[in-house]
Amino acid sequence: MAVNTAAYKNIMQELAVKNATLVAVSKTKPAEDIQALYDAGQRDFGENYVQELVDKQAQLPKDIRWHFIGHLQSNKVKYIVPFVHLIHGVDSLKLLLEINKQSTKINRTTNCLLQVHIAQEETKFGFDKNELDALTEQLVAKSIDTSHVHIQGLMGMASFTENRQQVTKEFSYLQSLFADMANKLQNTGHRFNTLSMGMSADYAIALEHGSNMVRVGSLLFGERNYHK
Ligand SMILES: *Cc1c(COP(=O)(O)O)cnc(C)c1O
């Protein structure tokens, strides 16, 4: 499956107007496809699986900014902190503290987004509002060690549905949580400025609701085949 460079150019134009960043989601796609989009100018790529990310990072150009967008297990943090640009799916305090610990060991600061559960489905990971509020209080009080993590925003996934009203509702909810938290974290040193929401099917709605980072895969790389 060839990379859709026409779709790439279109989406880059839409994002430029909004000052938003494209994360090209390349999970399950071969290194050649990533290289093709790299050659067209793309530098931010997103992967969901640790081993796949580590393998691709070793093969591909070193100036790629790798985003980890999947569910990250604590015992795998150490494999990606040496090079990862941004971890989108931080969904527990335990994981955040492990990222801080592994980053401290190698004297690096790791950029993180907190994943918030906004969808109706049970299966999507993330903090709920109460958990997010509790963590915000700890960050403001500096009662937990976040010396080697930079919490730069929130990430969310809307329900998998054709119902645009539902998706709109979920994205605007996340937008309000983001604004509230940005306000509370103002004096903590965490430059809270990134709202990662929107995928191939719903990125246009996300952009209408304050998203400044979209994660788009199939629109650029074609449908994924998980069975090969
Ligand atoms: C796979 C994935 C995407 C991209 O999905 P598309 O529908 O292919 O654009 C975005 N975000 C996350 C977290 C994903 O797992």
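The values are calculated or read from the model by the stated rules, or taken from the named source; none is laboratory data. In this text, all values refer to a predicted model and were calculated from it rather than measured experimentally. Ideal geometry is used to build each Cβ from the backbone, glycine not excepted, and the neighbour counts take in all protein chains shown. Surface accessibility is based on the protein's heavy atoms, side chains included, excluding ligands, DNA and RNA. Shrake-Rupley method; radii C 1.70, N 1.55, O 1.52, S 1.80 Å.
Of all residues in segment 49-74, which are within 26 Å of Q13 (Cα to Cα) and either within 15 Å of the ligand (Cβ to nearest atom) or exposed (fewer than 15 other Cβ atoms within 10 Å of the Cβ) (or both)?
Listed by number, the residues that qualify are P61, K62, D63, W66, H67, F68, I69.
Can you tell me which condition F160 does not meet? The list is (1) open to solvent by 50 Å² or more (accessible area, probe 1.4 Å); (2) part of a helix (DSSP H, G or I), and all the others hold.
Evaluating F160 over (1) open to solvent by 50 Å² or more (accessible area, probe 1.4 Å); (2) part of a helix (DSSP H, G or I) leaves (2) as the failure.
Among helices (runs of 4 or more DSSP H) lying entirely in segment 1-106, which contain 3 or more residues that are farther than 24 Å from M157 by Cβ?
Qualifying helices (runs of 4 or more DSSP H): 5-18, 31-39, 50-59, 93-105.
From G41, G46, grab the single residue that is modelled with pLDDT of 95 or more, open to solvent by 20 Å² or more (accessible area, probe 1.4 Å), within 18 Å of L220 (Cα to Cα) and not polar (S, T, N, Q).
Step by step, each of G41, G46 is checked, and only G41 is modelled with pLDDT of 95 or more, open to solvent by 20 Å² or more (accessible area, probe 1.4 Å), within 18 Å of L220 (Cα to Cα) and not polar (S, T, N, Q).
Name the residues in segment 13-35 that are out of contact with any helix residue (DSSP H, G or I) (no Cβ under 8 Å at 6 or more places or on another chain), touching a residue at least 12 places away in the same chain (Cβ under 8 Å) and either over 30 Å from S74 (Cα atoms) or basic (K, R) (or both), would you?
Of everything in segment 13-35, just one residue is out of contact with any helix residue (DSSP H, G or I) (no Cβ under 8 Å at 6 or more places or on another chain), touching a residue at least 12 places away in the same chain (Cβ under 8 Å) and either over 30 Å from S74 (Cα atoms) or basic (K, R) (or both), namely N19.
Among the residues of segment 166-200, count how many are assigned to a loop (DSSP other than H, G, I, E, B) and not β-branched (V, I, T).
Of the residues in segment 166-200, 12 are assigned to a loop (DSSP other than H, G, I, E, B) and not β-branched (V, I, T).
Restricting the search to segment 98-135, which residues are under 19 Å from the mean Cα position of the chain (by Cα), of a type in the set (V, I, T) and surrounded by 13 or more Cβ atoms within 10 Å (Cβ to Cβ)?
I99, T109, T110, V116, I118
I'd like the full set of residues that are within 16 Å of the chain's Cα centre (by Cα), buried (at least 17 other Cβ atoms within 10 Å of the Cβ) and either away from the ligand (no atom under 15 Å from the Cβ) or among the polar types (S, T, N, Q) (or both), limited to segment 179-219.
F192, T194, S196, S200, G210, S211, N212
Determine, yes or no, whether P82 is surrounded by fewer than 15 Cβ atoms within 10 Å (Cβ to Cβ), touching a Lys or Arg at 6+ places or on another chain (Cβ under 8 Å) and either more than 29 Å from I118 (Cβ to Cβ) or touching a residue at least 60 places away in the same chain (Cβ under 8 Å) (or both).
So P82 passes the test.
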